[in-house]
Amino acid sequence: MNLMAQSHKVQLAEASYAENGYVELPSDNSLQEDLTELREMLQNAMVLEHATIPPYLTMLYTLSEDTDWRITETIRSVVVEEMLHFTLAANLLNAIGGTPNVASAGFMPDYPATLPYGIDAIEIHLYGFSRNAVFQAMVIEHPKDIRPAVVASEQPEKMTIGEFYAWIEARLRAAVEKHGELAIFC
């Protein structure tokens, strides 16, 4: 993509995010290319969500019996939330004609592990409940501003987790706009 086209794409992304709360990206792909890329992105979203569940479970299962119940419930609620995100990504993958694959090589990470595409440059460890575990959870869960220009770059290795999801949303919206809902959703 030439510099002027990239500049226009960034301007569109920034303007749409400021006006509508989502990043707008154009699609020059065929229907099959859009579906293939969306399915890959959603499969990687499942890998990402799945990679965060074992660290939280490790924290939860290493709490002592006398730990304040509010700590236990907070960690448990985060585990449930990550499982929900995983399920939502799988359901969306199903909705666009994909098949979630949890048995593929590399689906289960070897810890310490990075997220798909190196998103957010996070290396995830399996820490028992400790300062390291809490700090790691804060890094994973810390909300960060969406940078529309980064989403428009379509380079996930430069994105945060939130930007990765904004990119999926932008690509899905672009595919629906170009090909229609009936072509995208089965």
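The values are calculated or read from the model by the stated rules, or taken from the named source; none is laboratory data. Not measured: the values here are computed from a predicted model. Glycine also receives a Cβ, built like all others from the backbone with ideal geometry; neighbour counts cover every protein chain displayed. Only protein heavy atoms, including side chains, enter the accessible area calculation; ligands, DNA and RNA are left aside. Shrake-Rupley method; radii C 1.70, N 1.55, O 1.52, S 1.80 Å.
For the set SER7, SER16, the ranking by accessible area, highest first and with no ligand, DNA or RNA atoms included, is SER7, SER16 under a 1.4 Å probe. Think of each Lys and Arg Cβ as +1 and each Asp and Glu Cβ as -1; about the Cα centre, that makes the dipole of the chain roughly 80 debye.
Can you tell which of GLN136, GLN155, GLN43 shows the greatest fluctuation in a Gaussian network model of the chain with Cα springs below 10 Å? Ranking GLN136, GLN155, GLN43 by mean-square fluctuation puts GLN155 first.
Taking a point 7 Å out from the Cα of VAL139 in the direction of its Cβ, the residues of the range 28-67 whose backbone N falls within less than 15 Å of it are 52, 55-56.
Computed from the C-beta positions of TRP69 and ASN94 and an R0 of 35 Å, the FRET efficiency is 0.45 to the nearest 0.05.
With helices as the sole contributors, the chain gives -21000 deg cm²/dmol at 222 nm; each DSSP H run of n ≥ 4 counts as -39500 (n - 2.57), and the sum is divided by every residue.
Counting only protein heavy atoms and using a 1.4 Å probe, the accessible area of LEU92 comes to about 50 Å². Which one, ALA18, ALA89, ALA133, has the greatest fluctuation when you compute a Gaussian network model over the chain with C-alpha springs under 10 angstrom? Among ALA18, ALA89, ALA133, the largest mean-square fluctuation in the Gaussian network model of the chain belongs to ALA18. The solvent-accessible area of ASP28, taken with every protein chain present and a 1.4 Å probe, is close to 130 Å². Protein-only accessible surface at a 1.4 angstrom probe places the residues MET159, MET4, MET138, MET83 in the order MET4, MET138, MET83, MET159, largest first.
Among THR99, THR160, THR87, what's the order by accessible area (1.4 angstrom probe), most exposed first?
Numbers: THR99 110, THR160 15, THR87 65 Å².
These residues rank, largest area first, as THR99, THR87, THR160.
Summing Lys and Arg as +1 and Asp and Glu as -1 over all other residues whose Cβ lies under 10 Å from the Cβ of ARG171 gives a net charge of -3. Answer with one residue from TRP69, LEU35, ALA105: the one whose Cα lies farthest towards the positive end of the charge dipole of the range 21-130, charges on Cβ with Lys, Arg +1 and Asp, Glu -1. Value: TRP69.
Looking at the chain, do any whole DSSP H helices span at least 30 angstrom along their long axis by alpha carbon and average -0.5 or above on Kyte-Doolittle, and which? Result, helices passing both filters: 31-61, 69-95.
Over the chain, what is the relative contact order in percent, taking alpha-carbon pairs closer than 8 angstrom and at least six residues apart? RCO, the chain: 32 percent. Measuring with a 1.4 angstrom probe and ignoring ligands and nucleic acids, THR74 comes out at about 80 Å² accessible.
Bridging of LYS9 to lysines at a Cα separation below 19 Å is possible for LYS158, LYS178, once same-chain residues fewer than 8 apart are set aside.
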